[in-house]
1. If you fit an axis through the alpha-carbon atoms of helix C:31-42 and take the longest principal axis of the Cα set of chain C, what angle between them do you get, 0 to 90°, nearest 10?
2. First measure r as the distance between the Cβ atoms of B:Tyr241 and A:Lys234, then evaluate 1/(1 + (r/R0)^6) with R0 = 56 Å and state the FRET efficiency to the nearest 0.05.
3. Suppose a student asked you for the relative contact order of the stretch B:94-251, using Cα pairs under 8 Å spaced at least 6 residues apart; what percent would you report?
4. With springs connecting C-alpha atoms under 10 Å apart, model chain A as a Gaussian network and identify which of A:Arg317, A:Arg57, A:Arg114 has the largest mean-square fluctuation.
5. For the stretch A:258-328, what number results from the quotient of the Cα radius of gyration and 2.2 N^0.38 Å?
6. Return a whole-number percent for the relative contact order of the stretch C:6-84, with Cα pairs under 8 Å and 6 or more residues apart as the contact set.
7. Radius of gyration and Dmax for the stretch A:35-159's Cα atoms, expressed in Å?
8. Please list the helices of chain A that count as membrane-span-like by this rule: a mean Kyte-Doolittle hydropathy of at least -1.0 together with Cα atoms stretching 15 Å or more along the helix axis, each helix being a complete DSSP H run.
Amino acid sequence: MTLVIVFYDLKIVNCELNIKTNNNMSDLEKFLEKIEENIKIEPKDWMPDDYRKHLQRQMSQHAHSEVIGMQPEGNWVLRAPSLRAKVILLAKIQDEAGHGQYLYSAAETLGKSRSTYINELQTRKAKYSSIFNYPTLTWADMGAVGWLVDGAAIVNQVSLQKTSYGPYSRAMVKICKEESFHQRQGYEIISNMAKGTPEQKQMAQDALDRFWWPSIMMFGPHDADSSRSENAMKWKIKNETNDQLRQKFIDKTIQQAEIIGLTIPDKDLRWNDETNHYDFGEIDWDEFWNVVKGNGPCNDDRIEHHIKAHEDGAWVREAAIAYAEKNG
Amino acid sequence: MENKEALINYCLRLGDSSLILGQRMAEWCSNGPILEEDIAMTNISLDLFGQSRMLYSYIAELEGGTNEDEIAFRRNEREFFNTLISERPNGHFGDTIARNFLIDAFSFHYYKQLVKSNNEVISAFAEKSLKEVTYHLRHSSEWMIRLGDGTEESKIKIQNALNKVWKYSDDMFDVNDGDKSLIESGIAVNPEEIKEAWNETITSVLKRAKLTRPEDGYFHKGSRNGVHSEYLGHLLTEMQYLQRAYPDAKW
Amino acid sequence: MDNQGDIWEVFIQSKPGLAHKHVGSVHGMGKEMALQNARDMYTRRQEGTCIWVVKHADIIASVPEEDGSFFDPSNDKIYREATYYTMPEGAKNI
């Protein structure tokens, strides 16, 4: 009997060796040919150093976002208003931890360990999605986060399923499959509140008011201002630009707001018959860059929380390692 | 009639213990020592919430005119019947593991017997829960062993944690008058019957963990009659906040 | 061992009778923790009946530079395929 094992995610054991061959044109040509023909790049394949670095940055940023994203939602799990809402929210946050793990795992195939990535997060060398630096103030925010933040993330992630790096693409496929319930969970919360008591409706609108703009900022700067986009598109790490993805998200979300009687806080929002898309107002890029640079309402808290959990757990990890070294 | 009241109270005992421990385990969300462990602990939490929901639905059916959320979110401190040990604060990871280990070993042996209950709902509850707590016990036991036989620091921490929580363990074995009648009629299990098995599990895991079984001394009790520690009130305050603040709202 | 533990590759059999399939990796400090972590990570949606974990460092893999010498020699051996053979007309169950 032959045992068939589908096995892809071999980590790079000796990445320096690969980097040295950077000047070898035939390697580069082979690489570009694969990109051209939409053949996935696998961990042990030769790849340009910049491609590897771009992926390390993007994938770890993605992983950190999943992990830091647990905090604003975790903020409400103990106070969820029903047992059903509680288990759904907890399962969703747990999925996010899992997705962080899948992504770290994929990012580790690029020859950098998870502990290194975590260290970069804690020393603020690495970023995570700025949206998680906004506070979740009421239960309606659980609705807004699921509906808008997960909604925006899904648009991005669906597109990333086609990314050129094999382990990243496979992680995205798995994540998209598991996340299908996340956005519905949030939309259910906010729509129930929008048709609830006046206080609930007010909370729902307030949550939309606070989360709308940060959500559409999630797609990043305009294409013209995005220095890294060009390479990412060339190497097919990304297949759609920031602005294209943002437009997609806006186009599909407006109707969802209308149908539950909430108003999107943008007076310039209107349908454009010529482009077949919605036009929307100017994004406050000052706010965006401020939050990216660490001045958001929760940047310090999120990182301190992460460091505290990591430090509190140090003795536990040491014990488990000591035991494993003795007993396997 | 009396039997129904006893049955409801008995289900509250089981359901509340799962709910309160579930809430404690949910506090670990984003605070675990390693990402994988965060997921493990919230998995346990989800199992426990599932257990309490199953029993609350049954109570709602027995009582009529109520539902699982009314039961979870609209009762006061003295109306909860969870074990004292389940409401102990998480403390550090070792405190949580020591607490859970004693509970898991109890639940494992208790549900093993409860499967034989002549009440179909309770028997089904026990069957489902037994599978879950079998894994919970494996999880907490393996951690007891790792912390006990890990480093010098972890050995001291887990031994102290165990010594501290020990005095809340006997409360799990307490029964009230209603329980006694249910035990007689074959619906409930007498916890005394599983004490030996519980002791054996504890002793054998502690041996592997190279830890010392604490001396049996004074034991705190009272939860079987709804008398709790101060911690429960704070836990409920947080958990019940939205239902209490907006009594007319539907979520 | 790194402070995140070793990397373990996870293989899951989704149904009895099927091969174990690679699903990803977990970190774990020792084999029991690796197995438990794999269970919590990869079977939250009833995906499995059996799990294998294999320490990543113990896996031996072929390297892409050898792709040619490793895999191409088999591409002219079509006689290994059942469809290569001509059967007499009318023969059944073969």
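Where a number appears in this text, it was derived from the coordinates with a stated rule and is not lab data. Every value quoted in this text rests on a predicted model; they were computed, and no experiment measured them. Glycine also receives a Cβ, built like all others from the backbone with ideal geometry; neighbour counts cover every protein chain displayed.
1. 70 degrees
2. Result of the calculation: an efficiency of 0.60.
3. Taking the mean separation of contacting Cα pairs over the length of the stretch B:94-251, I get 28 percent.
4. Fluctuation is largest for A:Arg317.
5. Working it through for the stretch A:258-328, the quotient is 2.16.
6. 32 percent
7. Answer for the stretch A:35-159, Rg first and Dmax second: 16.5, 52 Å.
8. Helices meeting the span and hydropathy rule in chain A are A:25-36, A:83-108, A:166-194, A:198-217, A:314-327.
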